[in-house]
Amino acid sequence: MKTTMRRLALMAVIAGVGVYSSAAYAETGVVGDLPGFGEDAYFHADGVYGVEKDIAEAEAKAKAAIEKKAQPAQPIQPVSHAQADFVAGPVEGTVGDVEPVHHETSCTSCGPIDASCGCEVTCDTGSDCCGEVSCGVEASCSLEASCGVEPACGCDSGHGKLMNLFDRGGRDRWLKAEALLWFPEARDSPPLVIRSDAGTIPSAPDDRDVPVAGFQTLFGDELAGELSGGVRVDSGVWLTDNFGIGGRFWWLGDNEESLSATGDGSTGSLGYSFFDSDDGEEDAVVIAIDLAVGAADPDRAGTITADTSLDMWAAEAYGRMRFTCSKNCQLNLLGGYSHINVDDSLRINGTTTVTAANASGATIGTNFTFNDIFETENEFNGGQIGFESVISRGRWLATSLTKVHIGNLNSTLTQRGDRTVSVPGGATLSEASGVLAGEAITLERDEFTFVPEANFKLAYLLRPGVSVSVGYSFLYFDDVTLAANSIDRIVDDAVITAAAANLNGWDFNRDGLFVHGIDLGAVVQF
C-alpha cells in the first residue's frame, strides 16, 4: 500500500511539472533552449496524461523524459524573420522536432525587400525611403541603398567580384534625358564685313595693333560662341548586377551668327575685306560708299549678308562595369565606341550697284554680285574609356564622369563661289569663283586625335527610381578644321570685277575647339 501511494505521488509530481512547463512556455515563449516565439505562438501536445494509465507506463515515460532532457542540445536551424506579426501553425511531435518557421520582412517606408538571396536584412523603418538598408555578410543581393537613383551596388558577396558580374539586381534599366544649355568656343576669323566713316574707302588696318579711325568689323574676328540648346539621352540595361550595356546620343543645335547690312554710303561705307596681293595692303570690295563729286571712284549702294553655323552631335555605345563599391559610393569603368560630328559653315554674299560715276568713267547701273561658301565636316570614329564615380547621401546623389575618346578624325573642306558683273546695255560676265572662295575644291585628310570629356552632376530623388539633376559638361575637340580658318584672304583685286578666274588658294588649318555648359535632366530607373 505504501509502495502504491509512493508511485501515485511520483506520478502526480511528474504531471504537475508537465503542466507548469506548458504554462511557462505559453507565457514566456521559450521552448527548451529555443527563444523567439511570443504569445502569438500556439502549440498542442500530442501526449495524453490520465489517472487511468498504468503506473508502470507512467514511470517509463517519466524515465524517458528525464533521459531525453539529459541529452546534449540539438543544433537549431536559423530562423528567417521579416513580418512583425505572425502566427505559427501546430507543431507536430515533441519539442525537439520543432521546424524553423519562415517569415517575411518588409520595410515600412521602402516597401518589400527581396531577401531571397538569403542575406540578413535590416531596415530603418523609422526613416523615409532613403533610410539605411543593408545586407548581411553573406549577401549578394542588390538592395536599393540609394532608393533606386543609382543603386549603391550590391553588398559584397562571399564568392568574389568575378562571380558578382553574374548576379542580378533589382531595377535593371535606366533612362536619362537632359536639356543642354551649352556655349561653344568663339571661332577665330579674319575681318570679313567691315565699316568705315562716310566718305572714306573701307579697309582694315594693315597693322591690327594700329587702329583706323572709324573702322569697325561688323562680321568676323570672332564668330558665334553664344548659347545653344540641345538634348542628351542615355539609356541602357544591367545584364547582371555589376555589368551593363548602354547607348548615349546628344545633339547641340546650330550655333549661329548672321549679319545683313544695306546702305548707300551716306551713313557709313560698307566693304568686304581682303588682302590685295598687288599692292601688299588691306583692301575691300566696296558695297556702299558716298564720295565727293569728282572722286576717282564711283559711288555705290548695295547689300551684304553673312552667316555662320556650327553643328555638333554624337552617338555612343558602351559597356559599364562596377569597378569597386561600398555602401554609399561606387566606381564604374566605362568603355565602348564613339562617333562624333562637328560641322561648320560660312556663307557670304553681296550685291552692289554704281549710283554715280564721278571721275571713274564707270557706267551708272553696273551691278556686281558675288557668293562665297566655305564648309567643313569633322567626323570622329574611335573608342572611349573612362570612369564614373557615384556618391549617395540620403536623397542626394553626386556623379562625376571623366573619359576620353581616342580614334581617327576625318576632316573635309569644301569651298566654292561665283560672281557676276552686268553692265546696262552690255554683256553679263559670270565666273565660277567668288571673292575669297577661289576655284571649287574639296579636300580631305585623316588625323589620329582625342576628345576628352568631363561631366559633374548633382541629383535629387523625388521618389524611388526617379530623380532630377543639374550638371556641368565640358568637351574638347583637338585638330578640327573650321570654316573661317580655311579662308585665304590674299586676292588679286584686278580679277575680282573682271571676267577672270580667281586663283587664290585655301588654308587647310587645324585648330582646337571646346564646348561647355549646363545640363538639366531627369533620371528614371525601372
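Structure data summary
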item	result
Long-range neighbours under 6 Å by Cβ, at least six apart or interchain, first residue assigned to a strand (DSSP E or B) and surrounded by fewer than 16 Cβ atoms within 10 Å (Cβ to Cβ) within the range 506-525, second of a type in the set (Ser, Thr, Tyr) and at pLDDT 90 or above	Phe514/Tyr476
Qualifying residue in the range 281-289 (condition: surrounded by fewer than 16 Cβ atoms within 10 Å (Cβ to Cβ), modelled with pLDDT under 90 and over 30 Å from Ser235 (Cα atoms))	yes
Failed condition for Asp221, given (1) within 25 Å of Leu482 (Cβ to Cβ); (2) over 43 Å from the mean Cα position of the chain (by Cα)	(2)
Per-region count, the range 406-449, residues under 22 Å from Ala306 (Cβ atoms) and part of a loop (DSSP other than H, G, I, E, B)	9
The range 377-394, subset assigned to a strand (DSSP E or B) and out of contact with any strand residue (DSSP E or B) (no Cβ under 7 Å at 6 or more places or on another chain), residue least open to solvent (accessible area, probe 1.4 Å)	Ser392
Answer from Leu397, Leu409, Leu401 - the residue that is modelled with pLDDT of 95 or more, farther than 19 Å from Met312 by Cα, open to solvent by less than 30 Å² (accessible area, probe 1.4 Å) and not charged (D, E, K, R)	Leu401
Number of the exception - Leu461 against (1) in contact with a Cys (Cβ under 6 Å, 6 or more places away or on another chain); (2) open to solvent by 30 Å² or more (accessible area, probe 1.4 Å)	(2)
Residue check, Ser392 at pLDDT below 95, within 23 Å of Met321 (Cα to Cα) and of a type in the set (Ser, Thr, Tyr)	yes
Options Val495, Val421; residue that is without any contact (Cβ under 8 Å) to a residue 40 or more places away in the chain, over 20 Å from Asp344 (Cβ atoms) and more than 39 Å from the chain's Cα centre (by Cα)	Val495
Residue that is open to solvent by less than 30 Å² (accessible area, probe 1.4 Å) and either small (Gly, Ala, Ser) or touching a Gly at 6+ places or on another chain (Cβ under 8 Å) (or both), where the choices are Ser203, Ser196, Ser235, Ser258	Ser196
Matching option when the condition is in contact (Cβ under 8 Å) with a residue 40 or more places away in the chain, open to solvent by less than 20 Å² (accessible area, probe 1.4 Å), of a type in the set (D, E, K, R) and on the phi < 0 side of the Ramachandran plot, among Glu447, Glu453	Glu453
Count - residues of the range 329-375 that are farther than 22 Å from Tyr476 by Cα, under 29 Å from the mean Cα position of the chain (by Cα) and open to solvent by 40 Å² or more (accessible area, probe 1.4 Å)	2
The range 459-474, subset within 12 Å of the chain's Cα centre (by Cα) and of a type outside the set (Val, Ile, Thr), residue farthest from Ala179 (Cα to Cα)	Phe474
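The values are calculated or read from the model by the stated rules, or taken from the named source; none is laboratory data. Everything numeric in this text was worked out from a predicted model, so none of it was measured. All Cβ positions, even for glycine, are placed from backbone atoms using ideal geometry, and neighbour counts span all protein chains on display. We work out accessible area using only protein heavy atoms, side chains counted, and drop any ligands, DNA or RNA first. Shrake-Rupley method; radii C 1.70, N 1.55, O 1.52, S 1.80 Å.
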